[in-house]
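Written below as structure tokens is the structure these notes are about.
The values are calculated or read from the model by the stated rules, or taken from the named source; none is laboratory data. Predicted model, so just to flag it, every value in this text is computed and none were measured. Cβ coordinates were reconstructed from backbone atoms using ideal geometry, including for glycine residues, and neighbour counts include every protein chain displayed.
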Amino acid sequence: IVFLSENVNEYLGLSQIELMGQSIYEVSHPCDHNEVKEILTGKDVETLQRTFFLRMKCTLTSKGRNVNLKSATYKVIHCTGHMVSSEVSDRDEEVADTDSTAGSQLCLVAIGEPIPHPANIEIPLGQQTFLSKHSLDMKFTYADDKMAEFLGYDPDSLVGKSMFELYHAQDSQAVVKSFKDLIAKGQTQTGRYRFLAHGGGYVWVTTQATLIYNNKGHKPQSVVCVHFITSGLECKDEVYSCSQLESGAIKREVEVRKVIEPVRSQVTSEQVVRKVFATPPVPPPTRPQVVAAPPVPPP
């Protein structure tokens, strides 16, 4: 690591001085090492642009405390950047003229952005943002009421349906890769893809997805997605999937958009977050009923 910005301490708990000069393999998850090697060597990559997800050691706890490096966990960092050529000066070439690697070297310049946990997202949610919750096979278990406003779907009608039925077929490769990263690393962020609207058309969306684990933190039990709408409705007269024509959707008024009052938006967002992360109540234990046997008549 040649250089990092000083604010790395705010996200990983490790200082700039601690990390500079360290090997990236020493502060990243062992299962990501092969991917990092391929990215840095440029094998099977036709472009110099790079986008990937890297799990890096983090000494910050959920309460903001700093722990020892031996107790560090891993945080998913979304890295976007490109490879640049670092030219070696003529003077350096004269000093190291016997070195076969003298000349130019490639190095990675990237911006790292941590993916926020949905439990820590800012409230109120943006007016172009909505939440959804899914089972591990990405079937809806909860859909935000805003989906009726933006996409025309009745939220209750989506429960039990797969999210993979609601994106444009030409975006399949990118979306599937993102969700493979989700299963492997615990978090992901998609690029812009087309989320299909009821009745026809689509809106461009970016999604942050997070695996939610059980109370013991060992077994994943659901997926929470935060969706950011980045466009208006496009190609509203074109149908791309049978799911867009199924019954149970709310008629959408495309020309007239509702203006949500800030106070109402805040209350709704808080209720949504509480509902998404609510755990079903555990019923009280019931005592077994004892049935008395009938008396045995005397012989």
Within segment 170-202, of all residues that are of a type in the set (Gly, Ala, Ser) and in contact with a Ser or Thr (Cβ under 8 Å, 6 or more places away or on another chain), the one farthest from residue 138 (Cα to Cα) is 191
Every residue in segment 122-142 that is touching a strand residue (DSSP E or B) at 6+ places or on another chain (Cβ under 8 Å) and farther than 16 Å from residue 212 by Cα, please.
125, 126, 128, 129, 130
Given the conditions (1) modelled with pLDDT of 95 or more; (2) not in a strand (DSSP E or B), report the number of the one that residue 251 does not fulfil.
(1)
Just the residues that are exposed (fewer than 10 other Cβ atoms within 10 Å of the Cβ), in a loop (DSSP other than H, G, I, E, B) and not small (Gly, Ala, Ser), please, taken from segment 4-28.
6, 7
Are any residues in segment 131-188 hydroxyl-bearing (Ser, Thr, Tyr) and either in contact (Cβ under 8 Å) with a residue 40 or more places away in the chain or more than 17 Å from residue 200 (Cα to Cα) (or both), and if so, which ones?
132, 135, 141, 142, 153, 157, 162, 172, 178, 188
Residue under question is residue 151, and the condition is that it be outside the structural domain of residue 76 (by the TED database), under 21 Å from residue 121 (Cβ atoms) and within 14 Å of the chain's Cα centre (by Cα); does it hold?
no
For residue 224, which of the numbered conditions (1) in a loop (DSSP other than H, G, I, E, B); (2) within 17 Å of the chain's Cα centre (by Cα); (3) surrounded by 18 or more Cβ atoms within 10 Å (Cβ to Cβ) fails to hold?
(1)
Segment 33-59, subset touching a residue at least 40 places away in the same chain (Cβ under 8 Å) and part of a helix (DSSP H, G or I), residue farthest from the chain's Cα centre (by Cα):
40
How many residues are outside any helix (DSSP H, G or I) and surrounded by fewer than 19 Cβ atoms within 10 Å (Cβ to Cβ) when one looks only at segment 139-186?
10
